[in-house]
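Inspection log for the structure reproduced underneath, given as structure tokens.
Each reported figure results from applying straightforward, stated rules to the coordinates on display, with no laboratory input. A quick note: this is a predicted structure, and the numbers were derived from the prediction, not measured. Don't worry about glycine lacking a Cβ; one is built from the backbone with ideal geometry, like all the others, and counts go over all protein chains shown.
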Amino acid sequence: MSELTSRAEKLDAVDQLAAKRGEFVLDDVVYLDGNSLGALPAAVPGRVEDVVRRQWGELRIRSWDESGWWTAPERIGDRIAPLVGAAAGQIVVGDSTSVNVFKALVAAVRMAGEGRDEVLVDATTFPTDGYIAESAARLTGRTLRPVTPAEVPSALNDRTAAVLLNHVDYRTGRLHDLPALTSAIRGAGAVSVWDLCHSAGALPVGLDEHGVDLAVGCTYKYLNGGPGSPAYLYVRHGLQDRFDSPLPGWNSHAEPFGMRASYEPGSGALRGRVGTPDILSMLALEAALEVWDGVSVEAVRAKSLALTDFFLECVAEYVPEGRVESLTPLAHAERGSQIALRCDDAGDVMRRLIARGVVGDFRAPDVLRFGFTPLYVGFTDVERAARVLAEVLG
Ligand SMILES: *Cc1c(COP(=O)(O)O)cnc(C)c1O
């Protein structure tokens, strides 16, 4: 047994989150793709069965009230809130991240006011945010300017309406400085919009603490909500009265069952609602979130950094120097919960890794992406992944 194997076993033995693994449905594959689709929490199938058979099958229409369907978007938003450092009443669940980016960005531009005619967008963003930002800018008559997060402070001025940024870069795993950037955006009088897809459930976000204005995120990555599970929208308390949604559906009306001809927004986070929520996915997500009971995000972050450090150490030990190059920053303050390794034959390497039971993903043209989900990935998994990677690269 190598020194790294025995160290992995010792690390697993003292891991405070190790017991959480039993709350997931897993096999003997090393699953390092939870940053794309989180694993299935064991509580979900039974809950979905109950929602379908009893709540829908037997109670039918009564479930909107008796099974809490109508209030699910806010209730589940409040369950996500502590995971992203938000007090209750500021998050609503529903629609996809893409749709929420649209709502948030248009609302941000409207809040910023007429005089501000420029929108800044993360030039390295996950593509959907960039496409939607382009359309949102066009619809609101603003100019869109792509800049890297590092360029944001110098690009801000009194013409900036809103800034849309990714907290963690989906490709490289780089963590951006949310507190400093949010404060710079606020200082310039602009509205901040953060996309938390690759940070929520992996590291502390501190939305309230850092004064973030608006935020969105998906729930099927580190939050394990299931394929296509609904996303969420955060609107800071102080801005809720000014949140003017570009998609004012009847679900966000002050009196949804008044069936009135004219729109009047309700108050609070529910202003982010649009139409009838997708209850099946939403209640699967609610069951999935139970794995977070008793878990501190700080403990998750500590383990995540230990896992990624250990992975880099194993890769350095097993893989010949120069065969792969890490795109993920070494500094903890700049690292999310994934490691991205560059190599020319990445597509082929990932296919062979998956065939050997180590699942990560490939991002064209040359990136191997490995996501580390502290609730169900352990140190022996990490050692095995690096060892198999070295064999495949060999
Ligand atoms: C995964 C991801 C999305 C996904 O958007 P959907 O509308 O759920 O498809 C958006 N933004 C970022 C940064 C992501 O990582």
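Across all Cα pairs in the stretch 271-394, the calculated P(r) in 5 Å bins from zero up to the longest distance comes to 2, 10, 18, 19, 15, 11, 10, 8, 4, 2, 1 percent per bin.
Rounded to the nearest 10 degrees, the angle from helix 279-288 to the longest Cα principal axis of the chain is 50 degrees. Compute the FRET efficiency between GLU325 and ARG138 as 1/(1 + (r/R0)^6), taking r as their Cβ-Cβ distance and R0 = 41 Å, and round to the nearest 0.05. That pair, GLU325 with ARG138, gives E of 0.60. For the stretch 1-76, the percent of C-alpha pairs falling in each 10 Å distance bin, counted from 0 to the bin holding the largest distance, reads 15, 28, 27, 17, 9, 4, 0.
Just need the relative contact order of the stretch 164-312 here, percent rounded to a whole number, with Cα pairs under 8 Å and 6+ apart.
20
Normalising by residue count, the stretch 110-247 has a Cα convex hull of 109 Å³ per residue. Applied to the stretch 53-68, the Karplus parametrisation 6.51 cos²θ - 1.76 cosθ + 1.60 on θ = phi - 60° returns per-residue 3J(HN,Hα) values of 6, 8, 5, 8, x, 9, 7, 6, 4, 4, 5, 4, 9, 5, 9, x Hz, with x for Gly and Pro.
GLY68: net charge of surrounding residues, Cβ under 10 Å, Lys/Arg +1, Asp/Glu -1, itself excluded?
Details: positive: ARG75; negative: ASP65, GLU66, GLU286.
Net charge around GLY68: -2.
Phi angles across the stretch 251-259 convert, under the Karplus curve 6.51 cos²θ - 1.76 cosθ + 1.60 with θ = phi - 60°, into 3J(HN,Hα) values of 6, 9, 6, 4, 9, x, 8, x, 6 Hz, Gly and Pro given as x. Of the Cα atoms belonging to the chain, the radius of gyration and Dmax stand at 21.7, 73 Å. Electrostatic bookkeeping for LEU32 treats Lys and Arg as +1 and Asp and Glu as -1; over the other residues with beta carbon under 11 Å from its beta carbon, the sum is -1. The length gained by stretching the chain between GLU66 and ALA355 to full extension, at 0.36 nm per residue less their Cα-Cα distance, is 99.3 nm.
For TRP250 and LEU280, a Förster radius of 25 Å and the Cβ-Cβ distance give a FRET efficiency of 0.75, rounded to the nearest 0.05. Whole-Hz Karplus values for the stretch 152-158 come out as 4, x, 7, 8, 6, 7, 6 Hz, taken residue by residue from phi with 6.51 cos²θ - 1.76 cosθ + 1.60 and θ = phi - 60°; glycine and proline positions read x.
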